[in-house]
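The values are calculated or read from the model by the stated rules, or taken from the named source; none is laboratory data. Just so it is clear, the structure is predicted and the values come from calculations on it, not from any experiment. Cβ: placed from backbone, ideal geometry, glycine included. Neighbour counts: every protein chain shown.
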Amino acid sequence: MVQDLPKSDRQNGWLEILPMLPHPKVLKGKVKADYAVIGAGYGGLATARRLAELNPDSQIVLVEADRIGNNAAGRCSGFIIDHAHNLRAKDFSEDAASAKAQISMNRAGIDWLRGIVSREGIDCDWRDDGKIHAASSDKGASMLDHFAGSLDAIDEDYQRLDHSQLKLRFGTDYYRSGLLAPHSATVQPAALVRGLAATLPANVQVFEASAITDVSFGSPHGLSSARGSVSAPVLVLAVNGFIERFGFAQKRLIPLITWGSMTRELKNSEIDRLGGDENYGIIPAHPAGTTVRRLPNKRILIRNQYTYSATSDSIKGRERVRKTHEKSFIARYPMLAGVELEYTWGGALSLSRNGSGICGQVADGVFATSAYQGVGMAKGTISGKYLAEHIMGESPEHIGLLTAGNGPSRNYPDPFNRWGVTANISWRRRQAGSEE
Ligand SMILES: Cc1cc2nc3c(=O)[nH]c(=O)nc-3n(C[C@H](O)[C@H](O)[C@H](O)COP(=O)(O)OP(=O)(O)OC[C@H]3O[C@@H](n4cnc5c(N)ncnc54)[C@H](O)[C@@H]3O)c2cc1C
């Protein structure tokens with residue numbers, strides 16, 4: 001029995017502003033396939049696509065518990081990033097080679113996604129504008145100086161931005177120091193994942209609203225949902241933190257929810273008051289700070305805060321988060337006082353203590369890709385693509401970065417794990433100060 005299924009609410013602004021979704025194709029009756037993939041986030045969508053490309057005569061089934069786009073993949077902030085926001089502070093020079101390889105791997109993920117989006121004409125507002133790291137405090141500014149030094153050490157290009165340049169771009173004078181990293185992209189994430197699912201090769205059958213409630217591992221594996229079943233000799237788990245519920249990586253992933261809010265559409269008079277560019281993405285200088293996106297659809301996105309939990313279904317929790325989002329919003333955009341946050345939602349991240357993810361075989365005929373440490377758009381995509389190639393016996397460049405070592409390290413036993421993570425979240429939040 002698969003314990004704990006994903007729980008959905010309909011608070012995800014990205015999905016709610018899309019045109020109405022078609023009725024889901026639900027798994028019914030008995031379906032046979034050569035490959036079954038569970039989970040239609042970045043990892044599952046990429047694995048299913050690549051398996052189909054490499055095996056045009058095989059049948060692939062992709063099964064998703066929820067509506068595609070109502071998952072973390074469609075709830076995220078839409079930064080498809082090539083390098084970590086904060087490259088390692090200690091022993092950086094020793095890690096320079098590995099940082100370069102990671103960047104090159106993430107860029108392979110971005111390039112692959114960009115190619116699909118452009119070839120298939122996916123309407124997801126893809127922009128190759130990069131990301132701007134911005135600081136409002138002295139501490140944040142010195143973190144950006146350090147970040148610039150790390151980028152110098154690996155010959156990465158960037159541009160520094162001062163207060164007046166940031167004000168010109170953002171309309172607000174909240175930020176004093178910035179760094180433009182030019183090689184990331186931004187998108188409307190729910191539109192991207194819906195588009196990726198809709199344009200899968202014809203030999204992939206996609207089932208939504210079809211949670212897998214039971215798996216009998218064997219040859220073939222049998223997957224059951226409320227109304228149907230799939231049998232397939234090869235199974236891929238691309239279920240984010242839910243992998244533990246399938247009996248793998250137990251007590252090795254740290255379940256975290258992070259939260260986003262989106263304003264209503266701004267009126268033209270409000271846009272005039274705001275000024276600045278009509279589209280940009282701000283990454284906070286401090287890891288516990290606030291991500292901001294100004295969107296060409298005249299809305300503003302705010303993301304901050306972490307909660308130790310696998311689900312975001314507490315309404316009380318969401319109300320508390322929304323209040324903090326309102327504060328962060330108004331601190332940055334005092335000229336927009338009175339603009340409501342129309343949507344507030346949480347989404348699941350899975351992290352591990354040692355920063356390792358999962359990509360590879362976990363049992364006979366069972367493979368998994370998961371735990372992208374909160375940056376799954378590029379990393380989850382490339383992990384899924386590489387996993388499919390690995391299943392087919394290929395050795396893609398850099399796959400060693402995903403498969404090396406023993407994967408995620410074991411957590412401290414609970415309640416110490418929960419206490420430790422929760423204390424760390426509160427400490428970082430206090431440290432973030434005005435960056436939140
Ligand atoms: C608010 C927020 C902002 C973020 N911002 C960014 C960002 O800007 N850039 C970035 O790179 N990353 C960002 N992330 C992280 C990113 O969203 C995740 O790393 C990524 O979505 C993980 O992809 P995934 O495929 O592992 O998981 P998911 O997208 O969660 O997909 C896993 C799927 O498995 C399905 N599933 C689970 N159990 C079952 C079952 N029993 N049966 C069937 N299906 C099942 C789930 O319903 C889910 O759809 C953000 C996350 C959040 C929450």
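In table form, for the structure just shown:
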| read-out | value |
| --- | --- |
| Residue match in the range 13-20 (condition: more than 10 Å from the ligand (Cβ to nearest atom), free of Cβ contacts under 8 Å to residues at least 12 places away in the same chain and surrounded by fewer than 24 Cβ atoms within 10 Å (Cβ to Cβ)) | yes |
| Test for L237: is it among the aliphatic types (A, V, I, L, M), surrounded by fewer than 21 Cβ atoms within 10 Å (Cβ to Cβ) and modelled with pLDDT of 95 or more | no |
| Options T263, T291: the member that is in contact (Cβ under 8 Å) with a residue 60 or more places away in the chain, surrounded by fewer than 22 Cβ atoms within 10 Å (Cβ to Cβ) and touching a strand residue (DSSP E or B) at 6+ places or on another chain (Cβ under 7 Å) | T291 |
| Some residue of the range 161-175 being aliphatic (A, V, I, L, M) and within 25 Å of G376 (Cα to Cα) | no |
| In the range 376-398, the residues that are out of contact with any Phe, Trp or Tyr (no Cβ under 8 Å at 6 or more places or on another chain), at pLDDT below 95 and farther than 26 Å from A33 by Cα | E397 |
| Subset of the range 326-354 that is surrounded by fewer than 18 Cβ atoms within 10 Å (Cβ to Cβ) and not aliphatic (A, V, I, L, M) - its residue that is nearest to E436 (Cα to Cα) | K327 |
